[in-house]
Amino acid sequence: MDQSLIDKGLQRVDGSLARLVKSQRTTEADAKAARGRIRGTLSLADFRDRDLVIEAIVEEIGPKKKLFADLDAICGPTTLFCSNTSSLTIVEMAAATKRPDRFAGLHFFNPPVIMKLVEIVQAITTSDETIAALKEFIAKLGKTGVMCKDTTGFIVNRLMVPYLLGAVRMLELGIATKEDIDQAVKLGLGYPMGPFELIDYTGVDINYHVANVFFEEFREAGMAPPPLLRRMFLAGRLGTKTGKGFYEYDEQGKRKS
């Protein structure tokens, strides 16, 4: 959207590559080569000759549909379109284009530089040829793809969102502190992060929008965003990205004691 965001994104890429080299997960030469294959742009026209476009903008259906409609007029007829959405309906985005057969979901997990899983989402309009091409692409990335139908939340978030919302309600009721809930989940369930750490990491705004999508789809009280989550969203306490969420963070995104 603007050059400062491109610069910030590329700085994150540089940081990720440096950590991979430091941990000996890759060589400095390979990291340099990878960085050389990445560039930023402010013009959608630069996507005109791409084989595959993966969208990862704000988790709201309106902006996504507009983006894909714009890209549809720019990209060639064989270009595959994918959304990295974690909750929204793929076929609704596909309907904004003239290539619904070449439209699918590719949901990567945070941080994608580390996490192996990718949910490959097939809408009722997605062709088998498109899915075959995406499976091959995911395999070339060294990721593990799992197939899922086009349903709200797909596999992981269909299971995880009610758990996260339940943790927020538990905090609202005063059953336990956020610190003790996080500690209990990590030590009792073996999760690498507690629910409040995870919400802060992925973004309070993302979780709030996803909860609204779930409630709109299922109309179940347990799917509605808890009042505390809504208040934090309205207050701009979005987690690590703003320095304040359920916890507070420094400029490097590290949690303050």
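Just a few scattered comments:
- Filtering the stretch 94-140 to residues that are in a loop (DSSP other than H, G, I, E, B) and under 20 Å from Leu20 (Cα atoms) leaves Phe109, Asn110, Pro111, Pro112, Val113, Ile114, Met115, Lys116.
- Options Lys241, Lys256; residue that is surrounded by fewer than 14 Cβ atoms within 10 Å (Cβ to Cβ) and among the basic types (Lys, Arg): Lys256
- For the stretch 187-197, the criterion of being surrounded by 20 or more Cβ atoms within 10 Å (Cβ to Cβ), in contact with a strand residue (DSSP E or B) (Cβ under 9 Å, 6 or more places away or on another chain) and not assigned by TED's automatic domain parsing to the domain that holds Ser16 is met by at least one residue.
- Residue list for the stretch 23-40, filter: of a type outside the set (Asp, Glu) and either surrounded by 10 or more Cβ atoms within 10 Å (Cβ to Cβ) or touching a residue at least 24 places away in the same chain (Cβ under 8 Å) (or both): Arg25, Thr26, Thr27, Ala31, Lys32, Ala33, Ala34, Arg35, Ile38, Gly40
- If only residues of the stretch 25-38 that are in a loop (DSSP other than H, G, I, E, B) and modelled with pLDDT of 95 or more are counted, the one that is farthest from Asp2 (Cα to Cα) is Thr27.
- The stretch 142-205 holds helices (runs of 4 or more DSSP H) entirely within its bounds, and those carrying 2 or more residues that are among the small types (Gly, Ala, Ser) map to 156-172, 178-189.
- As for the stretch 241-248, it holds no residue that is touching a residue at least 24 places away in the same chain (Cβ under 8 Å) and either outside any loop (DSSP other than H, G, I, E, B) or touching a Ser or Thr at 6+ places or on another chain (Cβ under 7 Å) (or both).
The values are calculated or read from the model by the stated rules, or taken from the named source; none is laboratory data. Nothing here was measured: the structure is a model prediction, and the numbers come from that model. Every residue, glycine as well, gets a Cβ built from its backbone with ideal geometry; the counts of neighbours run over all protein chains shown.
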